[in-house]
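What follows is one structure encoded as structure tokens, with my remarks underneath.
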Amino acid sequence: ITKDTQGTNSQKKYVSPCSFTNALEAARKEVYSNPSSNERKGITFIGKDAQHTNLEGYLKNIDPKMIEVIESEIMDTGITTNWDDIAGLNFVKSAIQEAVIWPMLRPDIFTGLRRPPKGILLFGPPGTGKTLLGKCVATNSKSTFFSISAASLTSKWIGDGEKMVRALFAVARCHQPAVIFIDEIDSLLSQRSDTEHESSRRLKTEFFIQIDGASTAQEERLLLIAATNRPQELDEAARRRFVKRLYIPLPEFEARLELLKKLTAGEKHSLTEENYERIANLSQGYSGADIRSLCSEASMGPVRSIQIHSIEDINSTDVRPLMLEDFEKAFLRVKSSVSSEELNQYVIWNEKFGFGC
Ligand code: ADP
């Protein structure tokens with residue numbers, strides 16, 4: 001194992017004889033338990049046994065530059081999102097817990113018929129907590145989180161998207177257990193058309209190869225979570241790969257209430273239970289992200305009420321508390337971002353292809 005700290009100081013430790021998983025686990029402990037982990041550059045297997053480890057195999061023919069980009073920009077080992085951070089969505093939380101978290105923690109129990117899906121799809125309006133759920137899965141399954149937007153594979157990695165997909169799965173395999181979160185999956189897997197560009201066809205094929213590979217290699221602890229706001233654009237081949245398709249709807253009254261309280265918890269406010277209920281009622285049709293914007297806008301109310309000439313000298317403790325009126329004004333500016341026609345489409349798709357909510 002080489003612990004490479006900015007290329008100047010490296011430690012070597014011989015870990016043998018042991019399986020790849022044990023060696024990787026030992027290497028991870030060695031590298032990640034280091035408090036100055038900002039300095040870590042990666043784990044490299046050296047020595048003659050290393051040539052035979054899966055790790056070597058995983059990264060064979062992978063562009064080192066891509067590995068570096070993935071490890072620095074896409075991989076996140078320090079995710080700490082918990083179930084309590086996500087308001088509402090109780091059905092989804094328990095479905096995810098049962099379908100993917102327990103199996104990742106206890107792969108020995110979840111075999112045969114209980115074998116977990118390797119890919120799940122979260123669909124629904126934007127800003128409803130799909131990314132938060134992905135992070136939460138990674139935290140709770142003690143996994144490394146890889147997050148990428150599929151749109152960036154087609155825009156940022158033009159022509160190289162296919163190689164990037166291969167590199168992403170390869171690096172994730174080296175950091176098992178791992179959760180790969182792919183946002184806007186529709187832009188990658190939209191229905192094939194005659195006009196489909198050759199490069200996007202190749203990208204899609206590579207993606208299917210990788211998912212299918214993950215599904216057949218049972219010992220791998222790799223989970224793919226895809227998210228989309230446009231599920232109707234996924235074709236049959238894409239749907240088949242995501243056995244569990246979970247609808248992430250707009251928050252209900254209780255969830256909106258919970259979210260409002262969470263978001264204002266750290267603020268000085270004079271909101272009563274009745275006020276909260278009124279805001280929760282008025283925000284029907286708002287997504288979690290809309291509610292967040294609403295709270296930000298409302299929180300500007302107390303600041304705006306300060307006389308312009310005193311803004312520089314006023315003591316922060318003298319800024320008045322946030323009030324119901326601030327929210328009433330904020331409602332005039334921040335509107336719901338999802339239309340009822342759009343919502344209807346999700347409901348229809350959920351009835352056809354969703355995992356029973
Ligand atoms: P999506 O991936 O569905 O587009 P995100 O998970 O990125 O949405 O959510 C965007 C932001 O909206 C989050 O960072 C969070 O502040 C807020 N949010 C959305 N839904 C929820 C929720 N159910 N609970 C708590 N916060 C939420």
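Laboratory data are not the source of any read-out in this text; all were calculated from the coordinates shown. In this text, all values refer to a predicted model and were calculated from it rather than measured experimentally. Glycine gets a Cβ as well: all are built from the backbone with ideal geometry, and neighbour counts include every protein chain shown.
Tabulated results
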{"quantity": "Ordering of 223-232, 205-214 by burial proxy (mean other Cβ atoms within 10 Å per residue, highest first)", "calculated": "223-232, 205-214"}
{"quantity": "Net charge over other residues, Cβ less than 12 angstrom from the Cβ of L294 (K, R count +1; D, E count -1)", "calculated": "+1"}
{"quantity": "Region 141-157 - phi-based ³J(HN,Hα) in whole Hz, Karplus 6.51/-1.76/1.60, Gly and Pro as x", "calculated": "9, 6, 10, 7, 9, 10, 10, 9, 8, 4, 4, 6, 5, 8, 9, 6, 10"}
{"quantity": "Mean Cβ count within 10 Å, highest first, over the residues of peptides 249-258, 286-295", "calculated": "286-295, 249-258"}
{"quantity": "Sequence-distant aspartates and glutamates (8 or more away, or on other chains) whose Cα lies within less than 13 Å of K142", "calculated": "E25, D76"}
{"quantity": "Ranked by how many other beta carbons lie within 10 Å on average, peptides 321-329, 62-70, 334-342 from highest", "calculated": "321-329, 62-70, 334-342"}
{"quantity": "Inter-label distance, nm, simple model (7 Å from Cα along the C-beta direction), F331/I109", "calculated": "4.7"}
{"quantity": "Using θ = phi - 60° and Karplus 6.51 cos²θ - 1.76 cosθ + 1.60, couplings along region 78-85 (whole Hz; Gly, Pro as x)", "calculated": "x, 6, 9, 9, 10, 4, 5, 6"}
{"quantity": "Efficiency of FRET from Cβ geometry, F208 and T80, R₀ 35 Å, rounded to 0.05", "calculated": "0.60"}
{"quantity": "Cα-derived Rg over Rh, computed across region 222-299 with Rh taken as Kirkwood radius", "calculated": "1.15"}
{"quantity": "Residue-span extension gain [A151 to K65] - 0.36 nm each, minus C-alpha spacing", "calculated": "29.0 nm"}
{"quantity": "FRET efficiency, S310 to E273 (Cβ-Cβ, R0 51 Å, nearest 0.05)", "calculated": "0.95"}
{"quantity": "With 5 Å bins from 0: P(r) over region 117-195, alpha-carbon pairs, percent", "calculated": "3, 14, 22, 25, 20, 12, 3, 1, 0"}
{"quantity": "Convex hull volume per residue for region 269-342, taking Cα atoms only, in Å³", "calculated": "91"}
